[in-house]
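Data first, discussion second: the structure below is written as structure tokens.
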Amino acid sequence: MKDLNKELHQRKANHLYRKRRISDGPQQPEMIIDGKQVISFCSNDYLGLANHTEVKAAFIKGVEHYGAGSGAAHLINGHSRAHHALEQALAEFTGYPRALLFSTGYMANLGLAQALVGKGDTVLEDRLNHASLLDGGLLSGARMMRYQHNAAEDLDTKLASRTSGEKLVLTDGVFSMDGDIAEITALANICQKHGAWFMVDDAHGFGVLGANGRGTLEHHGVATADVPIYMATLGKALGTAGAFIAGSDELVETLIQKARTYIYTTASPPAVAEATRASLDIIKSHPELRGRLKNNIHYFTSCCDQLGIELTNSQTAIQPVIIGDTQTTVAVSEQLLAQGILVTAIRPPTVPEGTARLRITLSATHSHAHIDKLISALDVIQS
Ligand SMILES: *Cc1c(COP(=O)(O)O)cnc(C)c1O
């Protein structure tokens with residue numbers, strides 16, 4: 001047996017040790033974390049729906065009707081009317097024939113790759129893809145290849161080198177640690193040219209991007225027909241939990257037959273599906289939430305610009321400040337916390353070595369006064 005303590009000490013020495021913080025109360029800009037009042041800039045609750053009155057009311061009503069838990073997997077007797085109605089609403093909203101719910105986004109990505117490809121096939125991934133897409137590719141048993149970030153030409157070359165077997169191309173829609181948006185139009189063209197499956201994981205685009213919140217496809221004006229597999233999570237902009245994969249009838253039926261992370265797990269509580277349907281209604285009927293988020297992103301980036309705080313070219317709610325060195329990044333995050341600002345330090349292996357960063361995320365619920373406090377704290381640290 002290996003010495004776990006030795007390994008843990010090594011992590012601490014390398015400033016890679018991970019710890020949880022305890023929050024009291026709901027997800028919102030002003031939170032109590034580890035007993036301390038902070039302004040949070042690290043949530044994925046981009047529209048403030050996690051603590052929205054109507055979403056909470058739908059959740060409570062769902063519990064009253066369906067009880068607390070689903071009691072079984074979807075293929076036993078855990079697939080409720082609530083799950084079914086949400087799947088239909090998601091299919092209609094995204095413009096795909098069908099949608100299938102998964103209990104988490106991580107599981108959706110593992111299940112998808114494993115259901116579609118295996119030994120002798122190839123999975124091609126953007127090198128900055130989310131860990132769940134990488135793990136999905138690895139677990140599928142197919143050969144894994146990683147192409148240069150957002151580089152359609154490199155994908156083209158790599159696809160051309162694979163002459164047999166199925167090919168599955170996976171990309172984040174909005175890259176989760178960088179905030180830039182995938183070049184879906186170019187990637188979809190290359191996939192069509194090579195007869196490859198193409199999947200977009202829109203965890204950070206769904207609900208947020210596009211005039212109607214339909215995500216990265218709507219943002220780029222790409223037709224659903226060009227992206228045969230669309231996946232998004234429900235625990236971010238929608239403020240609840242879970243995920244779905246949308247696509248053709250055959251795709252969804254195949255996943256129901258073969259995706260192990262769909263078959264061998266308990267269905268999420270029906271009340272979560274009811275709450276999510278309420279979130280989706282808000283996404284449709286309150287475009288001003290996206291407007292408020294956009295305004296905050298613009299306000300933050302222009303204030304940083306004025307003060308010479310260096311950002312990337314991200315146009316989304318994810319605004320990384322790349323510091324590079326792990327120890328410095330952790331120290332800066334601690335200095336911010338001392339000033340009542342919660343921004344997490346993102347370190348390797350979540351991001352490539354030498355690119356440790358503060359991952360600032362903005363929400364529609366932040367006020368300009370909140371953002372002013374973040375900016376002045378960043379400015380003090382920088383100088
Ligand atoms: C968060 C995230 C996931 C995982 O979704 P969960 O529902 O939290 O398991 C998958 N892909 C991307 C790009 C993500 O950001």
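Details
- Taking packing as the residue-averaged number of other Cβ atoms within 10 angstrom, the listed peptides 97-106, 3-12, 214-223, 51-60 run from highest to lowest as 97-106, 214-223, 51-60, 3-12.
- Value of Rg/Rh across the chain [Cα atoms, Kirkwood radius]: 0.96
- Scattering curve values for region 110-164, log₁₀ I(q)/I(0), Debye with Cα scatterers, q = 0.20 Å⁻¹: -0.68
- Summing +1 for each Lys or Arg and -1 for each Asp or Glu among the other residues whose beta-carbon sits under 14 angstrom from that of residue 134 gives -2.
- Across region 53-285, the relative contact order, built from alpha-carbon pairs under 8 Å that are at least six residues apart, equals 30 percent.
- Candidate aspartates and glutamates - alpha carbon under 15 Å from residue 284, same-chain residues fewer than 8 apart omitted: 54, 92, 218
- For region 201-311, the convex hull drawn through the C-alpha positions has a volume of 137 cubic angstrom per residue.
- Partners for residue 2 among lysines (Cα-Cα distance below 20 Å; same-chain residues under 8 apart left out): 12
- Cα Rg over Rh - region 314-383, Kirkwood: 0.97
- Normalised Debye scattering of region 151-242 at q = 0.20 Å⁻¹ gives log10 I(q)/I(0) of -0.91, counting only Cα atoms as equal scatterers and leaving out solvent.
Readers should treat all values here as calculations from the given coordinates under stated rules, not as data from a laboratory. A quick note: this is a predicted structure, and the numbers were derived from the prediction, not measured. Neighbour counts are summed over all protein chains in view; Cβ atoms, including those assigned to glycine, are modelled from backbone coordinates with ideal geometry.
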